[in-house]
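Notes follow the structure.
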Amino acid sequence: MAASCDSFVLLLFLLFVSAQAVDRSNFKTCDQSSFCKRQRELKPGQSPYRALLDTLELSDSRLTLQLINDNNKVRLLLELYRLQGNMTRVKINELKPIKPRYEVPDVLISDPITEALSVVSQDDNSLVLSLGGNEQRLIVSAQPFRLDIIEGPQVLMSLNSRGLLAFEHLRVRKDTNSESEETTGQQKEEQQTSEDGQIKEEEEEEKPGMWEETFKSHSDSKPNGPSSISLDFSLPGVEHVYGIPEHADTLRLKSTENSDPYRLYNLDVFQYELHNPMALYGAVPVLISHSTERTMGIFWLNAAETWVDISSNSPDTVSSDAPQTNVRWVSESGIIDVFIMLGPKPADVFTQYASLTGTQSFPPLSALAYHQCRWNYNDQEDVKAVDQGFDEHDIPYDFIWLDIEHADGKRYFTWDPIKFPTPKDMLKGLMDKRRKLVAIVDPHIRVDSGYRIHNEIRSKNFYVKNKDGGDYEGWCWPGNSGYPDFTNPEMRAWWASMFAYDQYEGSMENQYIWNDMNEPSVFNGPEVTMHKDAVHGVWEHRDVHNLYGLYVQKATSEGLIQRSGGVERPFVLTRAFFAGSQRYGAVWTGDNAAEWGHLKISIPMCLSLGLVGISFCGADVGGFFKHPSAELLVRWYQAGAYQPFFRAHAHIDTPRREPWLFGPENTALIREAVRQRYALLPNWYQLFYNAHNTGQPVMRPLWVEYPAEVTTFSIEDEYLIGKDLLVHPVTDEGATGVTAYLPGKGEVWYDVHSLQKHDGDQSLYIPVTMSSIPVFQRGGSIICRKERVRRSSSCMENDPYTLYVALNSQGFAEGELYIDDFHTFNYQKSKQFIHRRLSFSNNSLTSRNLAPDAQFSTESWIERIVVIGGSRPSSVSLINADGVESALEFEFSSNPAVLTVRKPSVSAAADWTVVLR
Amino acid sequence: MTCVHLLLTLVFAVSLGTPVEVHRPRGVPLSKKPFYEENKPFTCLDGSKTILFDQVNDDYCDCKGGSDEPGTAACPNGKFHCTNAGYKPTFIPSSRINDGICDCCDTTDEYNSGAKCENTCKELGRKEREVLQKMAEITKEGFLLKQQLIEEAKKGRGEKQSKVTEMQDNKKQLEEKVEALRTVKETAEQPEREAKERHLKAWEEQKAAIRLVKDKAKMAEAFLELDDNADGLVSVSELQSHAELDSDTDGTLSEAEAKGLMGGVEQVDTATFESVWENIKDKYHSESQPEEPAPVETPVDEVKEPVVDNESEPYPEDISEEEDEDDDDDDEYHEEDEKAPPTMKTPEKSQEDEEAMPPYEADTQVLIEAAQKARDDFEEAEKALREMDDQIRNIEKELSFDFGPNAEFTYLYSQCYELSTSEYIYRLCPFNRVSQKPKFGGSETNLGTWGSWSGPENNKYLSMKYEHGTGCWQGPNRSTTVKLTCGKETMLTSTSEPSRCEYLMEFITPAVCQEPSNIDLSAHGHTEL
């Protein structure tokens, strides 16, 4: 840390951050988290729960019945819903909790649409419900209680089949006083009837950590006592499960039988380690299962600290059993609220999940371009010099980013008066280059009576409270800080209003926002986050923890929408996230390091996020901590250019690493990688439009498109962008080749650089040099590019397209082209866009309107058509919308077979056909 | 859709101030005009292809090298030529044509984008000329100053060299003087030592006599104690009562053992007891007095010295070095001071119960004083010699620095230049070190000590590198690069920290001013600036 840094920050670093370096002990293991320990001690066996079938109530779409724990006689209420789109919702809460338990709001986009549920049959010990078509049934077994979802003769999923349903009911502390007798009267009554049960309950009471818990020097007062919940799911026939990000781990989830469970608890982990189940910055409690037969999902809607245990019995361990994966979820508080998404195809699961939590926000085009970030660009002159550096070296970029040092004493919404005295001049300078800026706004607010934001939050009583009712304070970048209660809608509305141009002084329309540290990070808090007994309105932080980051990004992104009067699409990057965060912007994988392992892990980390709805994902290019070698930096640019969120970032203590600082050769390699990104922006834009409309991920594991090919199930060193581009980035030091698996029997793939053709269903060794980025286009697809790469994406808005038509073995190909103004909501509000289907068959390429009711005019035209894998035509002609035919010039090369049609010069918005004869 | 573009454009080229209309395709420099012959097939400049002239600047890239589209953005590797009449002509990448951003000062790059560009070439040209003029003036004056600096350095160097020579002579004399004084000292120390030894010996003898008397008294006392039956004789059995005299350490004094101590006889009288006493006095415990501790003379002496050493160890050397504010400090070691204390050996004061040594007699005292004076004189001379050595070393060190091809940087040596920013005062002491001190309290940070010249190969004297400053948290040691530019004055003009813990300073000095004739004053100067 340099002397120029605030000595205050230095202190913080020494006290808290440096102390954490490579220190796992700052984060809890399951054993150190008392509810996890209690729950994990419970082993599979006979469930003490019994369904009271006589309490059954069935309305059109909702079925309820009571469950009783035969040990302690506490009753639970089970609710079952059949949801539109082949989903089942299972809710379990206490029948009569002594106080309400938290149910996660604001994550579902609306009340899910239910469908009628009917009882097919019933006997003494079971109930069979119809889940609609496909012979799907839900069987409720009374004793022991379990749920089975079956299709025909096949069990798709069982709940509580291993008896791990455990629901810690709220109770009054035994050592307080006898008032409790009345409040738990009903339970007591029932306990009288069973001596056994009462004893059991008392045993529970004895367990340590129920009423308070200490971790390191931090104590958690737990005024509500034990409140954890748990439920197990069995997936017969399933050997592959994915999802539950964020973990720095493999794409395919591992068995946790010999390790801690996967943990979901948003944490600011300093210098995180690879390949372990520790919690990271974000949490999406969605698990996807996949087999050749079926893809399903489990969405465990709970925002408290959560642990997920995964075990399997594969055929080789237990010879007679079919393969099966068991999943057990444990959360510290709240209720059991599970959405079972029954697929059956991967795309169905994505659609189902999107119908619950919404789809990826549609970013402005520029956000999909290249971002240049560093902690920190020191001052306006530095920003200007870096901006000029990109032009001097002819490397495109759209966004330059400012980290925490830009603000006056880490007071967000302000500018350092010496380093950034005239932010509007700076923003104007960038605007003149058609470029943009992102400034950081973190949710910790400096406690400082001279700081307007703080004063307003305090006077409006918007801060999170500590357990004693005062404003919660913790240490973060500015020193002593308050944390606005983002769970409060009034607070969020106020926060959003702070982004208005007249509130946020010095801001302009080409400035966007980055929310960091929103786990929330509290340097002196337990596990570097907020105390669980802090209070948000009537709820404990314990209940809402994993949701906090989502709310921060939501409020910020609403602020950006509002400041433009609802016209402009926002762009907000967040580090912490939850289910539903996809609606508010982009996510990055946090503070990684300049190591090859971190480059590699960026692929499964973003793939995992994509599977659970968050498509706009990226990792810090170059690695945040440490200093990358030139080779690593180049390889990271090459990989990052083909990941959704493409941003270089670096820690303040690392040497500068703008792309031109590693010698002319490396500058050229980086330039080329960034240019490839820009050329493909039309494709990225169309895929994000698609993700926004359908919920299908942009970056996909191979198995999503080739669900029957078992080989693809564990692949995580290559992936698909959409369904048509296969990327196998080079992620090994000194690599001279990579082995890519090209999926699909009967499929053909074309190397996008050489246009050489390769058959699918094979592993292909590809020799690589430093300039190689192995990318393949699927035969049968049409990819639109803009090959006039300019200094920013805005400069390319009106440029013409080149269509890459890659033929499959049947001589067919199709693709889409989507165009709008690239930055407003007009595509939505007034249907101002162009969406066209491009299809090639019978030697004709046709552009057809997919959205006849939409209107948009574009200056873009088709400058070139490249048909790959066809034969030489004797003539090529264009038939325009009026049916007028004109000849086109073309070139053909036979090895590889590439036809280049010169200058059709037809508008990208028009109907046309190009005929090869 | 902008498929059809204006193919040819009228541009003005400046030739001796007279505008001449030259017909050529848009974006083609005058020098390449011959390759673009109107209405004749165009051959790509890379020879890859020949196309119709209609296809030049038709917004479609036909040539791999991009030469068919000098005036459109169609070719990814194309170059567009801005004439920039009134300023410098330049090439821009084709991708900047019609991108909505004004790049050419003559606005020719934005002919179809709707960007509102103003022709700023005249203004730029004027400004550039002004800057060049100013630069030329500065360079001229600076170069003159540089000549003076070179002269001064030459003179200074000569002076220093002769001073060193002179000092070398003086040093020789001093060395002789030291040697002479050493002889004087040694001569004076000889009688001193002898007198001291005599004195000591006399005292030792005196002490021995006293000890003998004491021993006798003790013996008599022991005899009385041993002679339990007061028969004037000490018998074997009487001796056996003193078990401490046991010689085989079995805890008892056997009769045989006692007899042995008695010299083989049964009993002794006071006279013969003398020989017995010699055998037993070391172990004998008086019956009346408590056990005396064994004399521990030597250990006391041994413990002393390490204690002295520990005290003189300057343990936290690093810290004191950091606080060192004086840059002219020569960093001399203080070894001599450290070693001074142990040289003054005091006489053992081990036998504390003994009387102190009596003062030296007058004639001995005279010898001591004489010797002391000789020692002082010698040490003084030796110190003067050391100082002389230091001075010579310093000058030689200075003379050994690379002060530039003509020693023009000599004047910076042992100077310091400061620059105040909002937070810090930066201090550059050329050829020594760079530091940073907070304006409002706080200790100084070392941003590096002199490393080497680090300019480009053709002129390494354009930048200095200072390295190995205070370490950074999780980072490298601080270092500073100082860029030198020509100026009339010598001053620090800016500091920055472009990368964490890597500082950059800009420093102007006449010492880098080039001969003015190198500066091209014409409007079409080189891209340099």
A:Glu41-A:Thr250 FRET efficiency (beta carbon distance; Förster radius 35 Å; 0.05 resolution) = 0.80
Taking Lys and Arg as +1 and Asp and Glu as -1, residues besides A:Tyr685 with C-beta under 15 Å from its C-beta add up to -2
Under DSSP loop assignment and at most 16 Cβ neighbours within 10 Å, longest GluC sites (Glu not before Pro)-free interval of chain A | A:294-504
Of all the stretches in chain A, which is the longest one without any exposed loop site, taking chymotrypsin sites (Phe, Trp or Tyr not before Pro) in a DSSP loop (any state but H, G, I, E, B) with at most 15 other Cβ atoms within 10 Å?
-> A:1-500
Computed E for A:Arg173/B:Trp473 - FRET, C-beta separation, R0 35 angstrom, nearest 0.05 | 0.15
For the pair B:Ser286 and A:Ser857, the simple spin-label estimate (label points 7 Å beyond Cα toward Cβ) gives in nm 12.9 nm
Calculate the length of the line joining the C-alpha centroid of region A:25-85 to that of region A:540-615, in whole Å.
-> 31 Å
Counting Lys +1, Arg +1, Asp -1, Glu -1, what net charge surrounds A:Ile879 among other residues with beta carbon under 15 Å of its beta carbon?
-> -1
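Residues with beta-carbon under 10 Å from that of B:Lys146, excluding B:Lys146: net charge, scoring Lys, Arg +1 and Asp, Glu -1?
In short, -4.
What FRET efficiency do you get for B:Arg386 and B:Arg193 if R0 is 25 Å and r is their Cβ-Cβ distance, rounded to the nearest 0.05?
Approximately 0.40, to the nearest 0.05.
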Treating only Lys and Arg (+1) and Asp and Glu (-1) as charged, each at its beta carbon, one finds that chain A has a dipole about its Cα centre, in Debye to the nearest 20, of 1980 debye
accessible surface per residue for chain A, probe 1.4 Å, DNA/RNA/ligands not counted, whole Å² -> 33 Å²
Farthest towards the positive end of the dipole of region A:370-703, among A:Trp588, A:Leu607, A:Ile670 and with Cβ unit charges of +1 on Lys and Arg and -1 on Asp and Glu, lies the Cα of A:Leu607
For A:Val567 paired with A:Arg62, estimate the spin-label separation in nm (one decimal), with each label point 7 Å from Cα along the Cα-to-Cβ line.
-> 4.4 nm
Taking a ≥ b ≥ c as the square roots of the Cα gyration tensor eigenvalues, with a/c under 1.5 meaning rounded and otherwise prolate when a/b beats b/c or oblate if not, region B:384-432 comes out oblate
What one gets for region A:797-916 as the Kirkwood radius, inverse of mean 1/r over different Cα pairs in Å, is 14.9 Å
Around A:Gln762, which amide H atoms from residues at least 5 apart in sequence, or from another chain, sit under 5 Å from its own amide H, with H modelled in the peptide plane?
-> A:Leu742
Report which residues of region B:407-424 become buried by 10 Å² or more of accessible surface when going from the isolated chain to the complete set of protein chains (1.4 Å probe; DNA, RNA and ligands ignored).
-> B:Ser422, B:Glu423, B:Tyr424
Stretchable slack from B:Val366 to B:Thr43, in nm (0.36 nm times residue separation minus alpha-carbon distance) = 105.1 nm
Counting only protein heavy atoms and rolling a 1.4 Å probe, how much accessible area do A and B lose on contact, total for both sides, in Å² to 100?
-> 3400 Å²
Carbon/sulfur fraction of accessible area - the protein assembly as shown, other protein chains in place, 1.4 Å, % | 50 percent
Quick one: check the C-alpha center-to-center distance for region A:805-840 versus region A:874-902, whole angstrom.
-> 21 Å
Any idea which of A:Leu164, A:Ser781, A:Leu42 is furthest toward the positive side of the dipole for chain A, if Lys and Arg beta-carbons carry +1 and Asp and Glu beta-carbons -1?
-> A:Ser781
Using a/c under 1.5 as the rounded threshold, could you call chain A rounded, prolate or oblate? The axes a ≥ b ≥ c are square roots of the C-alpha gyration tensor eigenvalues, and prolate needs a/b larger than b/c, oblate otherwise.
-> oblate
A:Ser875-B:Gln161 pseudo-label distance in nm [points 7 Å out on the Cα-to-Cβ vector] | 9.2 nm
For A:Asn843 and A:Ala385, calculate 0.36 nm times their separation in residues minus their Cα-Cα distance, and state this gained length in nm to one decimal.
-> 159.8 nm
Per the charge dipole of the protein assembly as shown (beta-carbon charges, Lys/Arg positive, Asp/Glu negative, Cα centre), the residue among A:Ser629, B:Ala220, A:Ser714 reaching farthest to the positive end is A:Ser714
Value of D in µm² per second that Stokes-Einstein yields for region B:410-509, Kirkwood Rh from Cα pairs, at 20 °C (1.002 mPa s) | 158 µm²/s
Suppose every K and R has +1 on its Cβ and every D and E has -1 on its Cβ; what is the size of the dipole of region B:410-509 about the Cα centre, in Debye to the nearest 20?
-> 80 debye
May I ask for the distance between the Cα centers of region B:419-485 and region A:249-289, given as a whole number of Å?
-> 45 Å
Principal axes of region A:596-707: Cα extent on each, largest first, Å | 43, 27, 25
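The values are calculated or read from the model by the stated rules, or taken from the named source; none is laboratory data. Note that this is a predicted model, so its numbers are computed, not measured. We place every Cβ from the backbone using ideal geometry, glycine too, and count neighbours over all the protein chains shown. Ligands, DNA and RNA are excluded from the accessible area calculation, which covers all protein heavy atoms including side chains. Shrake-Rupley method; radii C 1.70, N 1.55, O 1.52, S 1.80 Å.
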